[in-house]
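The values are calculated or read from the model by the stated rules, or taken from the named source; none is laboratory data. The model shown is predicted, which means the values in this text are computed figures rather than measured ones. So basically every Cβ, Gly included, is an ideal-geometry build from the backbone, and we count neighbours across all protein chains shown.
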Amino acid sequence: MPELPEVEVVRRGLERWVAGRTVAGVEVLHPRAVRRHPAGGEDFAARLKGQRFEVARRRGKYLWLPLAETGTSVLGHLGMSGQLLVQPEDAPDEKHLRIRVRFDDSAGTELRFVDQRTFGGLSLHDQVADGADGLPDVIAHIARDPLDPAFDDAAFQAALRLRRTTIKRALLDQSLISGVGNIYADEALWRTKLHYDRPTATLTRPRSAELLGHVRDVMNAALDAGGTSFDSLYVNVNGESGYFDRSLDAYGREDEPCRRCGTPMRRRAWMNRSSYFCPRCQRPPRPTL
Ligand SMILES: [Zn+2]
């Protein structure tokens, strides 16, 4: 499953290679890839033809391409295995090519949606009325992510204090903050020395500011590691950056020594996932009596 940094790599690739280009034609090669577009593949293709893509946008793991002057945007769902590739027109079709977008210029490349497991796809949606960035209405409830310049730190911190929840739940709550997956949450909590079950109401402002800073650091580090493909023509969401092997301090390190204090790290089942933490650096909250 691609996380925010991988999706941002794709967005930058689309910004560079697709923005400003006009669609000459769309070929839908598998109906599942447009199943979120209820009017079907033919309608999807007809409505894109002749339209011009604006700069790709992202919110958390959600990625979209606004169509100029239409009030609509193409939302990309990458699912488990989806890829958006910019390929030479004469490159052989990928085995799992699902959608092809041709352009009316002489750049010689086309946009391809390739998806082995077909959980992903493309769909066309109206933009929210006041969305300057062409935000599709179906994801209007998704909060901005912490790398977004318009992310409101003070509002996020205030919301944390008001919510009766625990910190890791809050970090994964897409209506509060988007793009923080399980791995990034564990890493940022370890850096901040916070236990995942800490009630958000007990966090002071400086602590929540520190946490937010670590969330951004972890994401930016992953982005730097995964950003090597920006200059290549090949926009690959599954381009493994190696970040997850090299740089993790918490996630996946059960029984290995904490890199700060040497105590063996622990793993606990948490909401159908796992939480990794240092039992010494990240003390569990005292149970409320
Ligand atoms: Zn420790």
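With respect to the stated conditions, A159 fails to be aliphatic (A, V, I, L, M) and surrounded by fewer than 14 Cβ atoms within 10 Å (Cβ to Cβ).
Counting only residues that are modelled with pLDDT of 95 or more and either of a type in the set (A, V, I, L, M) or in a strand (DSSP E or B) (or both), the stretch 34-55 holds 7 of them. Cβ-Cβ distances below 7 Å connect the following pairs, each with a first residue in the stretch 259-281 that is touching a residue at least 60 places away in the same chain (Cβ under 8 Å) and within 12 Å of D249 (Cβ to Cβ), a second residue that is within 11 Å of the ligand (Cβ to nearest atom) and part of a strand (DSSP E or B), and a separation of six or more residues or different chains: F277/R266. Restricting attention to the stretch 108-141 and to residues that are assigned to a loop (DSSP other than H, G, I, E, B) and within 16 Å of the chain's Cα centre (by Cα), the residue that is surrounded by the fewest Cβ atoms within 10 Å (Cβ to Cβ) turns out to be H141.
One line per residue, one yes/no per condition, for (1) within 13 Å of the ligand (Cβ to nearest atom); (2) touching a His at 6+ places or on another chain (Cβ under 6 Å); (3) at pLDDT 95 or above:
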| site | (1), (2), (3) |
| --- | --- |
| P206 | no, no, yes |
| L212 | no, no, yes |
| A222 | no, no, no |
| V235 | no, no, no |
| G242 | no, no, no |
| R253 | yes, no, no |
| R267 | no, no, yes |
| M271 | no, no, no |
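Within the stretch 92-107, the set of residues being under 26 Å from the mean Cα position of the chain (by Cα) and in a strand (DSSP E or B) comprises L97, R98, I99, R100, V101, R102.
Of R144, R161, which residue is part of a helix (DSSP H, G or I) and basic (K, R)? Even if it seems obvious, please write down each step before you answer.
Working: R144 fails: part of a helix (DSSP H, G or I).
From the options R144, R161, the qualifying one is R161.
On the stretch given as the stretch 8-33, residues that are in a loop (DSSP other than H, G, I, E, B), of a type in the set (A, V, I, L, M, F, W, C) and touching a residue at least 40 places away in the same chain (Cβ under 8 Å) total 2.
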